Amino acid sequence: MSTLLKHLNNTTISSFVLFIITLMLLLLACYGGKYLFQRRQGKDNLDDTETSIVLGAILSLLALMIGFVLSISIQGFDERQKTEQNEAIAIGSAYQYSKLLDPKSQIQVKQLLDQYLAVRIDFFMADPNDSINDLKNHSLALQSEVWDIIVKLNNASSKTDLSLVMSAYNELYSSQQKTYASWKVKIPNAAWLLLITFAFFTNMLIGYNIRGMKGHNWLMLILPILTTLALFIIADIDTPGEGIINFTPSNLVSIKQQLE
């Protein structure tokens, strides 16, 4: 059981796949509930006070759960925006402190920083299917080259204090690691399973409670569609670099435009 749960939480679910699966399940639940009502009609008393009470309680719980996971996904989105801002500040500081170096080292370092800035912009704008790990490794390699230059200068010169410069370039690594820590989904798949389960039984009771015996009762499609849209938006916000809701690394782009 623990192995199954671990595998479930380690599997990334696409927001579009989740949308399709959820919509199909909720529509099936609605029409399944209506089918159960039609089979029951004429056999039992149709006073469904108990069903209405249960439906109201489940609807309240479902609304609370959707609100809770929405707040978690928005917090994760804000955290990713803050890490992009911190990276922009760190790169800007590195450019400024590079002026303390000798002319030859300045040229080398600024060339590496230009490449580093371009890689970081590509990282924030990349899709999940792109080579995220390659961009990560490339940026770490560029950091290492810059650091080697600063360390050699610091060891070779006993007169120039490069501690501030080294601190500024060390911040590149720190800000990047904070980005990778935030570049993860915040809502575990087990929570999605619980949400969809609640939504399934809620929509089944909606279909069961509808008294229309003729036609397709299009009104009962409202809740499945709205619930699916809500879950889709939450999943879209929670998944970095995927879907229709994304952010442009405007701070990094701004620094690049200023340098150009």
1 or more residues within 18 Å of the chain's Cα centre (by Cα) and over 23 Å from A118 (Cα atoms): qualifying helices (runs of 4 or more DSSP H) within segment 179-260: 189-209, 222-238
Filter pass, L172 being without any contact (Cβ under 8 Å) to a residue 60 or more places away in the chain and in contact with a helix residue (DSSP H, G or I) (Cβ under 6 Å, 6 or more places away or on another chain): no
Unmet criterion (only one of (1) open to solvent by less than 50 Å² (accessible area, probe 1.4 Å); (2) modelled with pLDDT of 85 or more) for E171: (1)
Cβ pairs under 6 Å, 6+ apart, first in segment 105-117 and more than 13 Å from E260 (Cα to Cα) and open to solvent by less than 70 Å² (accessible area, probe 1.4 Å), second acidic (D, E) and in a helix (DSSP H, G or I): L112/E145
Single unsatisfied condition, L62 versus (1) closer than 30 Å to N209 by Cα; (2) open to solvent by 50 Å² or more (accessible area, probe 1.4 Å): (2)
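Among what's in segment 174-192 and is aromatic (F, W, Y) and over 21 Å from L59 (Cβ atoms), pick the residue that is modelled with the highest pLDDT.
So, considering only residues that are aromatic (F, W, Y) and over 21 Å from L59 (Cβ atoms), the one modelled with the highest pLDDT is Y180.
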From the options L205, L221, L195, residue that is at pLDDT 90 or above and not aromatic (F, W, Y): L195
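The values are calculated or read from the model by the stated rules, or taken from the named source; none is laboratory data. Predicted model only: the values in this text are computed from it and were never measured. FYI the Cβ positions are ideal-geometry reconstructions off the backbone, even for glycines, and counts take in every protein chain you see. Keep in mind that these areas ignore ligands, DNA and RNA; they rest on the heavy atoms of the full protein, side chains included. Shrake-Rupley method; radii C 1.70, N 1.55, O 1.52, S 1.80 Å.
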